[in-house]
Amino acid sequence: MKAPDGHIGRTLAAQRVRLGLTQDELAKRMGKTQSYVTRVEGGKRDPRWQTILEFARALELEPMLVPRDRLAAVDAALHLSAADDVPPLSGGAW
(Lines give C-alpha, C1' and ligand atoms only; values in the text may rest on other atoms or scores of the structure.)
Protein backbone atom coordinates (compact mmCIF):
# COMPACT_ATOMS: atom_id res chain seq x y z
CA MET A 1 0.00 0.00 0.00
CA LYS A 2 1.27 3.47 -0.89
CA ALA A 3 1.36 6.33 1.56
CA PRO A 4 -0.93 9.29 0.86
CA ASP A 5 0.46 12.12 -1.29
CA GLY A 6 2.80 14.32 0.71
CA HIS A 7 3.55 11.68 3.36
CA ILE A 8 7.26 11.30 4.07
CA GLY A 9 6.95 7.56 3.52
CA ARG A 10 6.61 8.13 -0.23
CA THR A 11 9.86 10.08 -0.38
CA LEU A 12 11.69 7.48 1.70
CA ALA A 13 10.37 4.60 -0.41
CA ALA A 14 11.34 6.35 -3.66
CA GLN A 15 14.90 6.90 -2.44
CA ARG A 16 15.16 3.29 -1.26
CA VAL A 17 14.14 2.10 -4.73
CA ARG A 18 16.60 4.53 -6.40
CA LEU A 19 19.38 2.98 -4.30
CA GLY A 20 18.27 -0.53 -5.26
CA LEU A 21 17.57 -1.56 -1.66
CA THR A 22 14.86 -3.89 -0.46
CA GLN A 23 12.85 -2.98 2.62
CA ASP A 24 14.68 -5.74 4.48
CA GLU A 25 18.11 -4.35 3.50
CA LEU A 26 17.09 -0.87 4.61
CA ALA A 27 15.71 -2.21 7.88
CA LYS A 28 19.01 -3.96 8.59
CA ARG A 29 20.95 -0.75 7.90
CA MET A 30 18.74 1.00 10.45
CA GLY A 31 18.50 -1.74 13.05
CA LYS A 32 14.73 -1.86 12.56
CA THR A 33 12.37 -4.54 11.33
CA GLN A 34 11.20 -4.85 7.74
CA SER A 35 7.61 -4.50 8.96
CA TYR A 36 8.46 -1.13 10.54
CA VAL A 37 9.90 0.12 7.24
CA THR A 38 6.75 -1.14 5.49
CA ARG A 39 4.49 0.76 7.90
CA VAL A 40 6.44 4.03 7.54
CA GLU A 41 6.64 3.79 3.75
CA GLY A 42 2.96 2.90 3.55
CA GLY A 43 1.84 5.82 5.69
CA LYS A 44 0.59 3.57 8.48
CA ARG A 45 3.09 5.09 10.89
CA ASP A 46 4.18 8.69 11.27
CA PRO A 47 7.84 8.56 12.26
CA ARG A 48 9.38 10.79 14.93
CA TRP A 49 12.06 13.25 13.83
CA GLN A 50 14.81 10.98 15.19
CA THR A 51 13.49 8.12 13.04
CA ILE A 52 13.44 10.34 9.96
CA LEU A 53 17.10 11.12 10.62
CA GLU A 54 17.85 7.38 10.87
CA PHE A 55 16.08 6.77 7.54
CA ALA A 56 17.98 9.70 6.00
CA ARG A 57 21.39 8.38 7.07
CA ALA A 58 20.58 4.88 5.82
CA LEU A 59 19.29 6.28 2.51
CA GLU A 60 22.19 8.69 1.89
CA LEU A 61 19.92 11.73 2.31
CA GLU A 62 20.45 15.03 4.11
CA PRO A 63 17.28 16.34 5.73
CA MET A 64 16.91 20.10 5.80
CA LEU A 65 14.43 22.64 6.99
CA VAL A 66 13.71 25.24 4.33
CA PRO A 67 11.94 28.53 4.96
CA ARG A 68 8.69 28.52 2.97
CA ASP A 69 9.56 31.69 1.13
CA ARG A 70 12.72 29.96 -0.21
CA LEU A 71 11.10 26.64 -1.10
CA ALA A 72 10.63 27.44 -4.80
CA ALA A 73 14.28 28.48 -5.16
CA VAL A 74 15.54 25.36 -3.39
CA ASP A 75 13.28 23.14 -5.49
CA ALA A 76 14.55 24.79 -8.68
CA ALA A 77 18.17 24.39 -7.60
CA LEU A 78 17.65 20.71 -6.79
CA HIS A 79 16.32 20.08 -10.28
CA LEU A 80 19.15 21.78 -12.21
CA SER A 81 21.08 19.70 -14.68
CA ALA A 82 24.53 20.15 -16.19
CA ALA A 83 22.86 21.46 -19.36
CA ASP A 84 21.20 24.38 -17.52
CA ASP A 85 22.94 27.70 -18.01
CA VAL A 86 22.63 29.49 -14.68
CA PRO A 87 24.86 31.88 -12.78
CA PRO A 88 26.49 30.69 -9.55
CA LEU A 89 24.09 30.44 -6.62
CA SER A 90 25.77 32.98 -4.38
CA GLY A 91 25.95 36.62 -3.59
CA GLY A 92 23.41 39.17 -2.47
CA ALA A 93 20.52 37.64 -4.45
CA TRP A 94 20.47 34.75 -1.93
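Residue 19 meets the conditions (1) surrounded by fewer than 17 Cβ atoms within 10 Å (Cβ to Cβ); (2) within 14 Å of the chain's Cα centre (by Cα); (3) at pLDDT below 95 in every case but one. The failed one is (3). The criterion of at least 2 residues that are farther than 18 Å from residue 7 by Cα and out of contact with any His (no Cβ under 9 Å at 6 or more places or on another chain) is met by the following helices (runs of 4 or more DSSP H) wholly inside the stretch 29-85: 49-58, 71-78.
Close Cβ contacts (under 8 Å, 6 or more residues apart or on different chains) running from residues in the stretch 1-28 that are over 9 Å from residue 41 (Cβ atoms) to residues that are exposed (fewer than 12 other Cβ atoms within 10 Å of the Cβ) comprise 15/60; 19/60.
When the stretch 7-55 is filtered for residues that are among the polar types (S, T, N, Q) and either touching an Asp or Glu at 6+ places or on another chain (Cβ under 7 Å) or farther than 21 Å from residue 65 by Cα (or both), the ones remaining, listed by number, are 22, 23, 33, 34, 35, 38.
You will find that of 84, 75, 69, 46, the residue that is exposed (fewer than 10 other Cβ atoms within 10 Å of the Cβ) and modelled with pLDDT under 90 is 84 and no other.
Of the candidates 60, 54, the single residue that is on the phi > 0 side of the Ramachandran plot and acidic (Asp, Glu) is 60.
The values are calculated or read from the model by the stated rules, or taken from the named source; none is laboratory data. Remember, it's a predicted structure, so these values are computed and weren't measured experimentally. All Cβ positions, glycine included, derive from the backbone under ideal geometry; neighbour counts span all protein chains shown.
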